[in-house]
1. Alpha carbon centre of segment 89-124 versus segment 1-47: separation in Å?
2. Helix 52-72 versus the longest principal axis of the chain: what is the Cα-based angle in degrees, 0 to 90, to the nearest 10?
3. Where nothing but the Cβ of Lys and Arg (+1) and of Asp and Glu (-1) is charged, how large is the charge dipole of segment 24-122 around its Cα centre, in debye to the nearest 20?
4. Quickly estimate the mean residue ellipticity at 222 nm for the chain, helices only: each DSSP H run with n ≥ 4 gives -39500 (n - 2.57), and the total goes over all residues, rounded to 500.
5. Mind checking the alpha-carbon convex hull of the chain and giving the volume per residue in Å³?
6. Note down the net charge around LEU24, summing +1 for each Lys or Arg and -1 for each Asp or Glu among other residues with Cβ under 11 Å from its Cβ.
7. Report the gain in length on full extension from GLU42 to ALA20: 0.36 nm times residue separation, minus Cα-Cα distance, nm rounded to one decimal.
8. Using packing as a proxy for protection, rank 104-117, 20-33 so that the peptide with the highest average count of other Cβ atoms within 10 Å comes first.
Amino acid sequence: MSKPTKDDANLMIQLMRWGAAENLQDARNWIWSDEFISDYDEFIAKYPVGCKEYGYASKVCGWFESVGTLYKQDLLNSELLFDWLTIKLPWSRLSGFAIGVRKAAGEPRLYENFEAMAKEESMK
């Protein structure tokens, strides 16, 4: 991909602002805490749909999925993306939850772009 542009930088800043407005940092801090459970069945038993903690995990997955969709559609420069974010680490932490939600919903596309970005980063 080409060198990042000012437009790419502006998009990155908008994504950062969106994350801040959604209080993404609190959610990200929680998924790295000892309270987070990576196994989906155990997670759901302790943190059912509708509770704050389920919302935290969904929020982080949803944000990365949105970034991944922009990346997939070639609307976010890969050099900038992978310089800015580490994706494989949050995916490794959230993959059990994300894949569990995907299976429970019967929707194979849920969080697919988050997962694809993590795989792409692992190949770099």
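Any read-out appearing in this document is the output of simple, stated calculations on the displayed coordinates, not a laboratory observation. For clarity, every value in this text was computed on a predicted model and none was experimentally measured. Note: ideal-geometry Cβ built from the backbone for every residue, glycine included; neighbour counts use all protein chains shown.
1. The two parts, judged by their Cα centres, are 13 Å apart.
2. Its long axis makes an angle of about 30 degrees.
3. Numbers: 11 positive and 16 negative charges, 42 e Å.
The calculation lands at about 200 debye.
4. Numbers: 7 runs with 88 residues, N = 124.
About -22500 deg cm²/dmol.
5. Numbers: hull volume 12.3 nm³, N = 124.
That works out to 99 Å³ per residue.
6. Values: positive: ARG17, ARG28, LYS59; negative: GLU22, ASP26.
So the surrounding residues net to +1.
7. Values: separation 22, 0.36 × 22 = 7.92 nm, distance 2.91 nm.
This chain segment gains 5.0 nm when fully extended.
8. Values: 104-117: 16.2, 20-33: 13.4.
So the peptides 104-117, 20-33, ranked by packing, come out 104-117, 20-33.
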